[in-house]
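K.L.:
Dropping the structure in here first, questions after.
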Amino acid sequence: MPAVDVIDETFLAVPPGSVAAAFADPGACRRFWPDLRLSVYADRGVEGLRWTVAGALVGTMEVWLEPMLDGTLLHYFLRADPPPGADARPARLRREKTRRQLAAKAVALDLKGVLEDSRRPGCPPPAS
């Protein structure tokens, strides 16, 4: 079992293609996770991406984009361990997990704010 196991879900009232485009930009991924080096190992198009993770953590990460109602349910998964030689005391790992949980939600809410900006409340999202 990985030391840092994070799962998050956020609904975005935009089509999956709009969300996929945000993650397809390598510059955006560096902004979202500046201390992680990501290498795509599965580009699933409008269904999301899977990466191997190196840097501050070592493991895998995924965004799965599930069409739902008039938008997308963004699923985020991070399964990783500290790199060899890093501090792996339980208290530090708990803090790291909490930090990554908060960061995952911040990324999702930032995307929500940007991608839903032109959507009027109660109206369907624009087509991607």
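K.L.:
Tell me which residues, restricted to segment 4-20, are out of contact with any Ser or Thr (no Cβ under 6 Å at 6 or more places or on another chain), surrounded by 13 or more Cβ atoms within 10 Å (Cβ to Cβ) and modelled with pLDDT of 95 or more.
P.N.:
Hits for segment 4-20 are Val4, Asp5, Val6, Asp8, Glu9, Thr10, Phe11, Ala20.
K.L.:
Here's a follow-up. Using beta carbons and a limit of 9 Å, which pairs, at least six apart or on different chains, have the first residue in segment 75-92 and free of Cβ contacts under 8 Å to residues at least 40 places away in the same chain and the second one surrounded by 13 or more Cβ atoms within 10 Å (Cβ to Cβ) and outside any loop (DSSP other than H, G, I, E, B)?
P.N.:
Filtered contacts from segment 75-92: Pro83/Ala54; Pro83/Gly55; Pro83/Val58; Pro84/Val58; Ala86/Arg92; Asp87/Leu93.
K.L.:
Of all residues in segment 48-71, how many are among the small types (Gly, Ala, Ser) and closer than 18 Å to Lys105 by Cα?
P.N.:
So the count comes out to 2.
K.L.:
Name, by its number, the condition in (1) touching a Phe, Trp or Tyr at 6+ places or on another chain (Cβ under 9 Å); (2) in contact (Cβ under 8 Å) with a residue 40 or more places away in the chain; (3) assigned to a strand (DSSP E or B) that does not hold for Gly59.
P.N.:
(1)
K.L.:
Which condition number in (1) touching a helix residue (DSSP H, G or I) at 6+ places or on another chain (Cβ under 8 Å); (2) surrounded by fewer than 19 Cβ atoms within 10 Å (Cβ to Cβ) is the one that Arg89 fails?
P.N.:
(1)
K.L.:
Name the residues in segment 21-40 that are without any contact (Cβ under 8 Å) to a residue 40 or more places away in the chain, surrounded by 18 or more Cβ atoms within 10 Å (Cβ to Cβ) and outside any helix (DSSP H, G or I), would you?
P.N.:
Leu36, Leu38
K.L.:
For segment 106-119, indicate whether the set of residues that are of a type outside the set (Ser, Thr, Tyr), within 14 Å of the chain's Cα centre (by Cα) and within 15 Å of Ile7 (Cβ to Cβ) is non-empty.
P.N.:
Yes, segment 106-119 contains a residue that is of a type outside the set (Ser, Thr, Tyr), within 14 Å of the chain's Cα centre (by Cα) and within 15 Å of Ile7 (Cβ to Cβ).
The values are calculated or read from the model by the stated rules, or taken from the named source; none is laboratory data. Everything numeric here is computed off the predicted structure, so don't read it as measured data. A quick note on method: Cβ atoms are made from the backbone with ideal geometry, for glycine too, and the neighbour counts reach across all protein chains shown.
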